[in-house]
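Take a look at the structure below.
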Amino acid sequence: MRKFLLPILIILALILYSSIVIVNEGSRGIMLRFGKVQRDADHKVVVYNPGLHFKIPFIDTLKPLDARIRTLDGQADRFVTVEKKDLLVDSYVKWKISDFGRFYTSTGGADYAQAANLLRRKVNDRLRSEIGTRTIKDIVSGTRGELMEGARKALNTGQDSTAELGIEVVDVRVKQINLPDEVSSSIYQRMRAERDAVARQHRSQGKEKAAFIQADVDRKVTVILANANKTAEQLRGEGDANAAKLFSTAFANEPQFYSFIRSLKAYENSFSGSENMMILKPDSDFFRFMQAPKK
């Protein structure tokens, strides 16, 4: 009898070991019996919380489900604004399982890839609705926060919500907003045309101011030159008057010297040219200052 005791104990230990299942922290469990989900009296899926649980060996199988927050990081998709402008919006979603039984049954046995595809469709549809009621300015800088919060609430409580998948959307975030290449090119051309128009306006205003400044400077120069010429003529006239007065006084005091100066001036004018010819008597009074003084 003893020789059968040890094998029996070993078999019992194996049966006991295979009947124990552990649900780790951050997870939940769904029990499958012959591949079918176990349900309670209300026909609801039985969900096992973290801890130690028992099952029927070789009949029951525990399917663990991740209860932590997960991230769905999708690719940029094209959306249309209320202005009928295309945008490339790159977003991500934080989500978690809120109803483990429904999640298991609606995603084909907790297929996370299928759940991600279904959730991505709902998120894109919701973002398309939110973006379709806003302008590019609102989306980029104005009401982006309202857009993301509105999308989150609608995904959780609106029609065709993620609740039918057993999923709760924790957060919706827009990472990046870009314009398609063809739209970017047209906007760039329009911005360039606007900047060129502004530049031409500034150039024309600058030329207008330059012409005004140049005209003002020319006017001031003309006035300054006119005043300078006027002052110069006045000074020149005063100088000539003073010189004439001095000469008159000097010549009045020395009439012979005045006569001598006049004769020298006449000689200078008469002999300035090489072809000048004068026919005069040698004793003419014109040459009296060129004759030897009489003794």
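Evaluate the distance, in nm, between pseudo-label points positioned 7 Å from the Cα of Glu194 and of Ser141 along their respective Cα→Cβ axes.
Placing both labels 7 Å along Cα→Cβ, they lie 1.1 nm apart.
Among 98-106, 195-203, how do they line up from the highest to the lowest mean number of other beta-carbon atoms within 10 Å?
98-106, 195-203
Given a 1.4 Å probe and every protein chain left where it sits, what share in percent of the accessible area of segment 1-65 is carbon and sulfur?
66
Can you check what the net charge comes to around Asn124, using other residues whose Cβ is under 13 Å from the Cβ of Asn124 (Lys, Arg +1; Asp, Glu -1)?
Value of the local net charge: +1.
Tally Lys and Arg at +1 and Asp and Glu at -1 over the other residues with C-beta under 12 Å from the C-beta of Ile213: what net charge comes out?
+1
Given labels modelled 7 Å from the Cα in the Cβ direction, how far is it in nm from Lys94 to Ala250?
A separation of 10.9 nm, rounded to one decimal place.
Fully extended, how many nm does the chain gain between Leu9 and Asn242 (0.36 nm per residue separation, minus their Cα-Cα distance)?
68.8 nm
May I ask you to derive the FRET efficiency for Arg78 and Val37 from their Cβ-Cβ distance with R0 = 35 Å, giving the value to the nearest 0.05?
Efficiency for this residue pair is about 0.35.
Send over a whole-number figure in Å² for the accessible area per residue of segment 1-65, probe 1.4 Å.
Each residue of segment 1-65 exposes 77 Å² on average to a 1.4 Å probe.
Which length gain, in nm to one decimal place, applies between Asp111 and Val221 when the Cα-Cα distance is subtracted from 0.36 nm times their residue separation?
So the extension gain works out to 30.5 nm.
Could you list, in their original order, any pairs among Lys36/Lys153; Lys55/Lys122; Lys220/Lys265; Lys44/Lys122; Lys63/Lys122 whose Cα atoms are separated by more than 32 Å?
Lys36/Lys153; Lys55/Lys122; Lys220/Lys265
The values are calculated or read from the model by the stated rules, or taken from the named source; none is laboratory data. If you're wondering where the values come from, they're calculated on a predicted model, not measured in any experiment. Neighbour counts run over all protein chains shown; Cβ positions are idealised from the backbone, glycine included. The area values use the complete protein model at the heavy-atom level, side chains included, leaving out ligands, DNA and RNA. Shrake-Rupley method; radii C 1.70, N 1.55, O 1.52, S 1.80 Å.
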